[in-house]
Amino acid sequence: MNTFKADIEEIRRRAMEKIEEGAVTASYQADRERVISVLNEVLATETVCTLRYRSHYFMARGVHAPGIEDEFLEHAQQEQEHADRVAKRITELGGTPNLNPEGLASRAHAEYGTGESLLEMVKEDLIAERIAVATYSEIIRWLANDDPTTRRMMEEILATEEEHADDMASLLSRIHH
Ligand SMILES: [Fe+2]
Ligand SMILES: [Fe+2]
């Protein structure tokens, strides 16, 4: 009888622990602090990419580039969705999403850019997408099976970045011809 009571108390204690930890359970294999810090770099990258595409959207409107501005806007919105998913995952892991504008550029893998012509802008976007594809692929390999939820999210984000890189590459050949 005493053993049974002890078991119930142990189960309740473990359940309470899990509730306090949210989505993270005792079976979580990865180094949580490391994952949070890597995800904060991804969050910075996605935020910088959102800002860059938004600035390109407004600049492309200035140079009368029909169709192209819509593509920039669509990418800006998708980068914002990525940033939101990553921020949400950071909180699920018990971390704090770092959206502090101070140091944002140095935390990001990709650059904000300085291009003013359409050609320069598209080149910058293509470079930023290729960097994102490379670093996210690394992160996915690193997560392996230790944190399948974060890995799946990164795989889905990676697929969109590959599409973005394709879009920018074909845009580049359209402007370049
Ligand atoms: Fe993105
Ligand atoms: Fe992208």
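Data for the structure
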{"item": "Relative contact order of the stretch 7-130, pairs being alpha-carbon contacts under 8 Å that are 6 or more residues apart, as %", "result": "34"}
{"item": "Solvent-accessible area, 1.4 Å probe, carbon plus sulfur percent, for the chain", "result": "52"}
{"item": "Accessible surface, the chain, averaged per residue in Å² (probe 1.4 Å)", "result": "58"}
{"item": "Value of D in µm² per second that Stokes-Einstein yields for the stretch 42-177, Kirkwood Rh from Cα pairs, at 4 °C (1.567 mPa s)", "result": "85"}
{"item": "Accessible area in the full protein assembly, largest first, 1.4 Å probe, for HIS109, HIS75, HIS176", "result": "HIS176, HIS109, HIS75"}
{"item": "Most to least packed among 99-105, 163-169 [average Cβ atoms within 10 Å]", "result": "163-169, 99-105"}
{"item": "For the stretch 65-134: rounded, prolate or oblate by the Cα gyration tensor [a/c cutoff 1.5]", "result": "prolate"}
{"item": "Calculated [θ] (222 nm, deg cm²/dmol) that DSSP helices of n ≥ 4 give over the chain, each run adding -39,500 (n - 2.57)", "result": "-26500 deg cm²/dmol"}
{"item": "Where a label projected 7 Å from the Cα of ILE127 along Cα→Cβ would reach, residues of the stretch 58-73 with amide N under 16 Å", "result": "none"}
{"item": "Percent RCO, i.e. relative contact order, over the stretch 97-158, from Cα pairs under 8 Å lying at least 6 residues apart", "result": "24"}
{"item": "Probe 1.4 Å, all protein chains present, accessible-area order of ILE90, ILE131, largest first", "result": "ILE131, ILE90"}
{"item": "Accessible heavy-atom area order of THR25, THR96, highest first, probe of 1.4 Å", "result": "THR96, THR25"}
{"item": "Distance between the stretch 124-177 and the stretch 66-99 - C-alpha centres, whole angstrom", "result": "13"}
{"item": "By average C-beta atoms within 10 angstrom, highest first, the peptides 149-158, 134-143", "result": "149-158, 134-143"}
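The values are calculated or read from the model by the stated rules, or taken from the named source; none is laboratory data. The shown structure was predicted, so the numbers you read here are calculated from the model rather than taken from an experiment. Ideal geometry is used to build each Cβ from the backbone, glycine not excepted, and the neighbour counts take in all protein chains shown. The area values use the complete protein model at the heavy-atom level, side chains included, leaving out ligands, DNA and RNA. Shrake-Rupley method; radii C 1.70, N 1.55, O 1.52, S 1.80 Å.
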